[in-house]
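J.: The structure is given below, and queries will be raised subsequently.
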Amino acid sequence: MVDGATILVVEDNPDNMYVLDHLLTRKGYTVRQAGHGEAALEQLREFTPSLVLMDMQMPGMDGYTVVRQLRQQPELATLPIIAVTASSMPGDREQTLAAGCTDYVAKPINPRELLKLVEYYLEGGSRGEDSDR
Ligand code: MN
C-alpha cells in the first residue's frame, strides 16, 4: 500500500468499474472514475493521478487513442498506465506497450496480480526490473 495514492480508473463497463473501485478502495487507495475516453482526458487536464488503470476496449474513443493522446503531454509522459484488455491474444501486450502503456493485465482480472502490479508501479518500479514481468 502506498499512502495517498490516487488511481484513475478508466472503464466503460459499470460492473467492472464497481469491482475495480471496490478492490482499490478497500486497499486504501483513492479512486477517481472515468466512464469513457473523453472523460479520462478531461480529468487528466485537471489533476495528475499516481497511476491509471485503462480499459483498452471502449466505445467511441478507445484506450489506445486515449493513451497515445495523453502521452503527448510532457507532464504525463512518465505516468504509470496499466492497460486492462478483454482478451489475451498473442500481440496484445506489444500493442498496448506500443501505444504507450507501462504494463498490461488481461480480463478476467486476478485481484492479487492486479494489486501487486499497482503497488509495484506506485513504488516507482519500471518494466523489466521484476523477473516475473
Ligand atoms: Mn470496455
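No lab work stands behind these numbers, since they all come straight from the coordinates. Remember, it's a predicted structure, so these values are computed and weren't measured experimentally. Glycine also receives a Cβ, built like all others from the backbone with ideal geometry; neighbour counts cover every protein chain displayed.
J.: Find out how many positive minus negative residues lie around Asn13, taking Lys and Arg as positive, Asp and Glu as negative, among other residues whose Cβ is under 13 Å from that of Asn13. Intermediate values should be presented prior to the final figure.
T.: Working: positive: Lys107; negative: Glu11, Asp12, Asp15, Asp21, Asp55.
Every neighbour counted, the sum reads -4.
J.: For Arg71 and Asn13 in one chain, what is 0.36 nm times their gap in residues minus the Cα-Cα distance, to one decimal in nm? Write down the numbers at each step before the final one.
T.: Numbers: separation 58, 0.36 × 58 = 20.88 nm, distance 2.39 nm.
Extra length from Arg71 to Asn13 when fully extended: 18.5 nm.
J.: Sticking with this structure for a sec: Let's test the formula: R0 of 25 Å, r as the Cβ-Cβ distance of Lys116 and Glu42. What FRET efficiency results, to the nearest 0.05?
T.: Calculated transfer efficiency: 0.25.
J.: Please list, by residue number, every one of the chymotrypsin sites (Phe, Trp or Tyr not before Pro) in the range 1-101 that is coil in DSSP and has at most 14 other beta-carbon atoms within 10 Å.
T.: Phe47
J.: Hey, another quick one. In µm²/s, what is D for the chain at 25 °C and 0.890 mPa s, where D = kT/(6 pi eta Rh) by Stokes-Einstein and Rh is the Kirkwood radius from Cα pairs? Kindly include the intermediate steps, with their values, before the conclusion.
T.: Values: Rh = 14.6 Å.
Answer from the Stokes-Einstein relation: 168 µm²/s.
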